[in-house]
Amino acid sequence: MKAKTPRLPPPDLSREAALGGLVCGIDEAGRGPWAGPVSAAAVIWPAGAALPAGITDSKKLSAIARERLYGEILATAHVGIGEAGVEEIDRLNILKATLLAMRRAVEALPVAPAHALVDGNRAPALPCPVTTLVKGDALSLSIGAASIIAKVHRDRIMTEADLRFPGYGFARHMGYGTPEHSAALQRLGPTSFHRTSFSPIKALIQNDY
């Protein structure tokens with residue numbers, strides 16, 4: 001009989017409390033898609049804030065739950081949002097562009113953090129100390145909230161892009177490499193919203209010449 005995977009406790013603020021002071025959680029959305037920007041968010045919970053229920057890794061939540069929490073987080077926490085566009089992704093590479101979006105998110109905060117908790121194992125250059133935390137969006141309430149803000153923000157951008165670039169299905173696949181997206185690229189070719197440094201798009205462009 002296969003052993004059950006132990007259930008992790010819900011994310012909390014224990015890591016933020018251990019660091020002390022104003023701690024921001026940082027996460028990104030959109031590293032893997034073939035199109036659109038990469039977005040990042042930074043979230044600081046003020047002392048005594050009423051924390052919205054249900055915050056966790058955004059990938060574990062439905063779109064309806066993410067939208068609800070997005071509004072509740074913005075109404076409760078200090079939030080900064082940053083992006084790196086397609087041109088920056090192609091020029092810098094996706095990792096450097098992601099770290100740039102994270103830095104911009106921190107710069108957009110209305111208050112300066114004393115410490116930053118970053119999801120993953122790569123840290124952006126910030127004016128404060130940084131601690132990386134693998135699977136941090138499922139462990140830290142600050143990072144979990146940042147993952148929701150970044151995801152909803154980027155999804156809204158991709159939904160708007162669906163109107164600008166009809167036929168690609170951006171509002172459904174959000175720029176990820178789905179069969180629908182691949183078929184649309186074969187039929188219509190890439191747009192200015194596509195990441196030309198990513199292999200599937202680069203191959204299409206090279207085959208056109």
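Yes/no matrix, rows are residues, columns are (1) of a type in the set (Ser, Thr, Tyr); (2) under 19 Å from Ala123 (Cβ atoms); (3) within 14 Å of the chain's Cα centre (by Cα):
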site: Val43; (1), (2), (3): no, yes, yes
site: Pro46; (1), (2), (3): no, no, no
site: Leu69; (1), (2), (3): no, no, no
site: Glu107; (1), (2), (3): no, yes, no
I need the helices (runs of 4 or more DSSP H) fully contained in region 1-94, keeping only those with at least 2 residues that are more than 30 Å from Ala171 (Cα to Cα). 14-19
Selection status of Gly21, farther than 16 Å from Ile149 by Cβ and either in contact (Cβ under 8 Å) with a residue 40 or more places away in the chain or open to solvent by 50 Å² or more (accessible area, probe 1.4 Å) (or both): yes
Is it fair to say Ile201 is under 19 Å from Ala63 (Cα atoms), in a helix (DSSP H, G or I) and touching a residue at least 12 places away in the same chain (Cβ under 8 Å)? no
How many of the residues in region 39-61 are open to solvent by 40 Å² or more (accessible area, probe 1.4 Å), closer than 24 Å to Lys96 by Cα and touching a Ser or Thr at 6+ places or on another chain (Cβ under 7 Å)? 0
Meets criteria (small (Gly, Ala, Ser) and free of Cβ contacts under 8 Å to residues at least 24 places away in the same chain) for Gly85: no
Kindly list, by first and then second residue, each pair from a residue in region 46-60 that is within 13 Å of Ile143 (Cβ to Cβ) to a residue that is outside any helix (DSSP H, G or I) and open to solvent by 30 Å² or more (accessible area, probe 1.4 Å), limited to pairs with Cβ atoms under 7 Å and residues at least 6 apart or on different chains. Thr56/Pro10
Among Ser147, Ser182, Ser140, the single one that is open to solvent by less than 10 Å² (accessible area, probe 1.4 Å), over 18 Å from Glu67 (Cβ atoms) and among the polar types (S, T, N, Q) is Ser140
When residues of region 86-127 are filtered for being buried (at least 17 other Cβ atoms within 10 Å of the Cβ) and either hydroxyl-bearing (Ser, Thr, Tyr) or over 15 Å from Ser142 (Cβ atoms) (or both), how many remain? 13
Arg68 versus (1) out of contact with any Ser or Thr (no Cβ under 7 Å at 6 or more places or on another chain); (2) under 10 Å from Ile26 (Cβ atoms): which is the lone unmet condition? (2)
Does at least one position in region 168-186 carry a residue that is at pLDDT below 95 and not aromatic (Phe, Trp, Tyr)? yes
Got a number for residues in region 76-120 being of a type in the set (Gly, Ala, Ser) and under 14 Å from Arg195 (Cα atoms)? 3
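The values are calculated or read from the model by the stated rules, or taken from the named source; none is laboratory data. Keep in mind it's a predicted model, so treat the numbers as computed, not measured. Cβ atoms come from the backbone with ideal geometry, glycine included; neighbour counts cover every protein chain shown. Only protein heavy atoms, including side chains, enter the accessible area calculation; ligands, DNA and RNA are left aside. Shrake-Rupley method; radii C 1.70, N 1.55, O 1.52, S 1.80 Å.
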